[in-house]
Amino acid sequence: MITAVLIDDDVNLRNGMKGLLSLYAPDIEIIDEADSVTSGLEVLSRVTPQVIFLDIQMNDGTGFDLLEKLADSKGKVSSHIIFITAYEQYAIKAFRFSALDFLLKPVGPDELEKVIDKLKGVLEKDNDYSHIDLLLENIRKKADNFKRIALSNSDGIHLIDIADIIRCESDDNYTKFYIKNKKPILISKTLKEYEELLNEHDFLRIHQSHLINIAFVTSYLKKDSGFVQMADDSLLPVSQRKKEQIQDKLFKKLKFQ
């Protein structure tokens, strides 16, 4: 059994979650529950569950407040966190950069099953929960321009400086990250997901298979629809419809150097 604590100020949601878990994830055992930051901290002072289902907005504070206080009291957070939230664009963006899972209210069985399947994979790994520190770092800054990203794969969770990512390459439903001075990292998410996260960091999708960091382009070849030479010596094709956009980006890069 996987031990869990459920923290949400809505008793109906807690009861609904317990019902969904009993039907779709019977190997999750709710060992305790709480309805506030204060009562949640009291529960977590007594037990350390494998997973915490955590609401963001509660009557006496937020789930982020709870994690901050828990980290202060215990030295670190030692449970996997699954947030339960209404749609909050900033928080969801922070979750995605931190490789943390979330469930949108009202919670449905399909999304619950997906998140629980991922949870089981995560619990099989050695996990230092450093991605929770990254989440709290991003939340404290209250800024959209995140500097680091958490990449989760079968080896564990890797915290990477976004500025060190040279390029990303599609491999079916996987994405391979090529990172300065590091071995490539293969992640089981599509390139489209990372395009959405990284496009404001001066990354550009130049081809259906390639997302590049403009800062690492060393040259542009005009042959055919075009090719870019990257700092890792890769030569990547540019699709016809991206030709004008990459030329414009490179012109701006050279102009301001």
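The values are calculated or read from the model by the stated rules, or taken from the named source; none is laboratory data. Quick caveat, the model's predicted, so the values are computed rather than measured. FYI the Cβ positions are ideal-geometry reconstructions off the backbone, even for glycines, and counts take in every protein chain you see. Accessible surface is based on the protein model in full, side chains and every heavy atom, while ligands, DNA and RNA are left aside. Shrake-Rupley method; radii C 1.70, N 1.55, O 1.52, S 1.80 Å.
Some values worked out for this structure:
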item	result
Subset of region 216-236 (residues that are at positive phi and surrounded by 16 or more Cβ atoms within 10 Å (Cβ to Cβ))	Gly226
Where a residue in region 234-247 is over 19 Å from Ile166 (Cβ atoms) and its partner, wherever it lies, is open to solvent by less than 80 Å² (accessible area, probe 1.4 Å) and small (Gly, Ala, Ser), with Cβ under 6 Å and at least six apart	Gln240/Ser225; Lys243/Ser225; Lys243/Gly226
Qualifying residue in region 176-183 (condition: over 16 Å from the mean Cα position of the chain (by Cα), free of Cβ contacts under 8 Å to residues at least 12 places away in the same chain and open to solvent by 20 Å² or more (accessible area, probe 1.4 Å))	yes
Failed criterion for Val107 (all others in (1) farther than 30 Å from His201 by Cα; (2) surrounded by 19 or more Cβ atoms within 10 Å (Cβ to Cβ) hold)	(2)
Residue match in region 107-120 (condition: outside any helix (DSSP H, G or I), more than 16 Å from Ile92 (Cα to Cα), in contact with a His (Cβ under 7 Å, 6 or more places away or on another chain) and modelled with pLDDT of 90 or more)	no
Counted residues, region 1-22 - those being small (Gly, Ala, Ser), more than 18 Å from Gly40 (Cβ to Cβ) and touching a residue at least 40 places away in the same chain (Cβ under 8 Å)	1
Spans of strands (runs of 3 or more DSSP E) in region 121-184 with at least 2 residues within 17 Å of Ala215 (Cα to Cα)	156-161, 165-171, 174-179
Hits in region 116-134 (condition: in contact (Cβ under 8 Å) with a residue 60 or more places away in the chain, under 19 Å from Ile160 (Cα atoms) and not charged (D, E, K, R))	Ile132
Residue match in region 198-215 (condition: open to solvent by less than 10 Å² (accessible area, probe 1.4 Å) and over 19 Å from Pro237 (Cβ atoms))	yes
Count - residues of region 1-50 that are open to solvent by 40 Å² or more (accessible area, probe 1.4 Å) and either closer than 13 Å to Ile82 by Cβ or part of a loop (DSSP other than H, G, I, E, B) (or both)	9
Verdict on Ala91 being over 15 Å from the mean Cα position of the chain (by Cα) and not hydroxyl-bearing (Ser, Thr, Tyr)	no
Conditions (1) under 19 Å from Glu200 (Cα atoms); (2) open to solvent by 40 Å² or more (accessible area, probe 1.4 Å); (3) touching a residue at least 60 places away in the same chain (Cβ under 8 Å); number of the one not met by Lys147	(3)
Members of region 58-92 found to be open to solvent by 20 Å² or more (accessible area, probe 1.4 Å), more than 15 Å from Asp8 (Cβ to Cβ), assigned to a helix (DSSP H, G or I) and without any contact (Cβ under 8 Å) to a residue 60 or more places away in the chain, listed by number	Lys69, Asp72, Ser73, Lys74, Gln89, Tyr90
Failed item, numbered, when Ala99 is tested on (1) small (Gly, Ala, Ser); (2) in a helix (DSSP H, G or I); (3) closer than 16 Å to Leu136 by Cα	(2)
Leading residue by the ranking (farthest from Leu54 (Cα to Cα)) among those in region 94-104 that are free of Cβ contacts under 8 Å to residues at least 60 places away in the same chain and open to solvent by 20 Å² or more (accessible area, probe 1.4 Å)	Ala99
